[in-house]
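The structure under discussion appears below in the form of structure tokens.
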Amino acid sequence: MDKVKLGILFGGESEEHGVSVKSAQEIARNLDLAKYDPYFIGITRHGAWKLCAGPAADWETSASTPVVLSPDRSVQGLLLLESDRLGSRIRHGQYRTVNLDVVLPVLHGKRGEDGVIQGLLELSGIPYVGCGVQASVQCMDKSLTYTVARQAGIATPNFWLVTGELDPAELPYPVFVKPARSGSSFGVGKVTRAAGLAAAIETASRYDGKVLIEEAVAGSEIGCAVMGNELDLMTGELDHIALTHGFFKIHQEDSPETGSENSTPIVPADIPESARVLVQETAQAVYAALGCSGLARVDMFLTPDGQAVLNEVNTFPGMTSYSRYPRMMAAAGVPLAEVIDRLVTLTLTGKLR
């Protein structure tokens, strides 16, 4: 049986570039090479695409070949470029092609989870793992996520978009100030009084021109790993992020592989069975309402009165050694190697195996 030609995109231009590289490294370690013929395509912080041997720490400076993903469906793969001038290469036919059966876009944040790369893959005609364009756009923008979820009857935090009409004195402090379209808590700040709002907005705006203010929700942060499509879903074990102080931002810490400075993941989550069922059912409802497919991690707050309130949806969650999604799936009996297999199978056949 022929191996599946699997394109693995990693890196990218977002602030989550480093997280993406670590995710790709973990996927490479768990990839079954008897089944897959991997093609690692690293995207530099400046947007250059390179076909390389793998996501090693020095991949950007090691031997590699400049490539582009062809939007021409007759190619369905990569154009390998033989010189440094793109225009002259194409005019003189100085490129070779590599056909791909499926693409795993191991990209986080902007130009990874926001529909941009998904749009390019749609043009290319290559099947790809994960959410489509519309779901990616909706889940990346927290204001759109909350709007769609509310229309489906799902509880969300109260929120406000930063505009010239916003009156800081009228906000119900404490609040969280966030870039509307960013991830891993980059640019997020907690504000306890009006005097600190302007500085938090300025920090958030470094990551996105659209800034969101959320009313703080009192409750435990519970995550749910979801895999599949609307007709065939599975969830992993839930996790509970136990915080000693502040808020969850492990991907910004210096050595997350050795543990977090303020958080401890508890898997399975230490919550009653009735709460577990509520969170899983709510996560699946969120997943369906936003049109997700493939995979997502749905994060919620479980309040003291037993309500599940949506926090955010990650359409390609971290796959690092310390990431929540693979840990939750492993606790449910699905190790990362099998997660990869199931996602590729779902992409190529429409069914989880």
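Couple of notes before you dig in:
- Options Ala285, Ala337: the member that is among the small types (Gly, Ala, Ser) and under 30 Å from Ala218 (Cβ atoms): Ala285
- Scanning region 59-84 for residues that are at pLDDT below 90 and open to solvent by less than 20 Å² (accessible area, probe 1.4 Å) gives a single hit, Leu81.
- Residue selected from region 1-42 under the condition of a type in the set (Val, Ile, Thr) and within 16 Å of the chain's Cα centre (by Cα), by the criterion farthest from Asp208 (Cα to Cα): Ile27
- Count of region 128-148 residues which are in a helix (DSSP H, G or I) and within 19 Å of Ala288 (Cβ to Cβ): 14
- Residue pairs whose Cβ atoms lie under 6 Å apart, sitting 6 or more positions apart in sequence or on different chains, and linking a residue in region 260-283 that is under 13 Å from Glu237 (Cα atoms) and hydrophobic (A, V, I, L, M, F, W, C) to a partner that is modelled with pLDDT of 95 or more and surrounded by fewer than 17 Cβ atoms within 10 Å (Cβ to Cβ), are Val267/Ala331.
- Residue under evaluation Ser260, criteria (1) surrounded by 14 or more Cβ atoms within 10 Å (Cβ to Cβ); (2) hydroxyl-bearing (Ser, Thr, Tyr); (3) modelled with pLDDT of 95 or more, criterion not met: (3)
- Boolean, Gln151 is closer than 24 Å to Asp37 by Cα and of a type in the set (S, T, N, Q): no
- Answer residue from region 266-276, given it is more than 24 Å from the chain's Cα centre (by Cα) and outside any loop (DSSP other than H, G, I, E, B) and is farthest from Gly153 (Cα to Cα) among those: Glu273
- Under the condition of being of a type in the set (A, V, I, L, M, F, W, C) and within 15 Å of the chain's Cα centre (by Cα), the residues counted in region 306-327 number 3.
- Hits in region 161-187 - residues which are open to solvent by less than 20 Å² (accessible area, probe 1.4 Å), β-branched (Val, Ile, Thr) and out of contact with any Ser or Thr (no Cβ under 8 Å at 6 or more places or on another chain): Val175
- Some residue of region 134-156 being under 20 Å from Glu13 (Cα atoms), out of contact with any strand residue (DSSP E or B) (no Cβ under 6 Å at 6 or more places or on another chain) and hydroxyl-bearing (Ser, Thr, Tyr): yes
The values are calculated or read from the model by the stated rules, or taken from the named source; none is laboratory data. The structure displayed is predicted, hence computed values, not measured ones. Methodologically, a virtual Cβ is constructed for each residue, glycine included, from the backbone with ideal geometry; neighbour enumeration extends over all protein chains shown. Note: areas computed on protein heavy atoms with side chains; ligands, DNA, RNA excluded. Shrake-Rupley method; radii C 1.70, N 1.55, O 1.52, S 1.80 Å.
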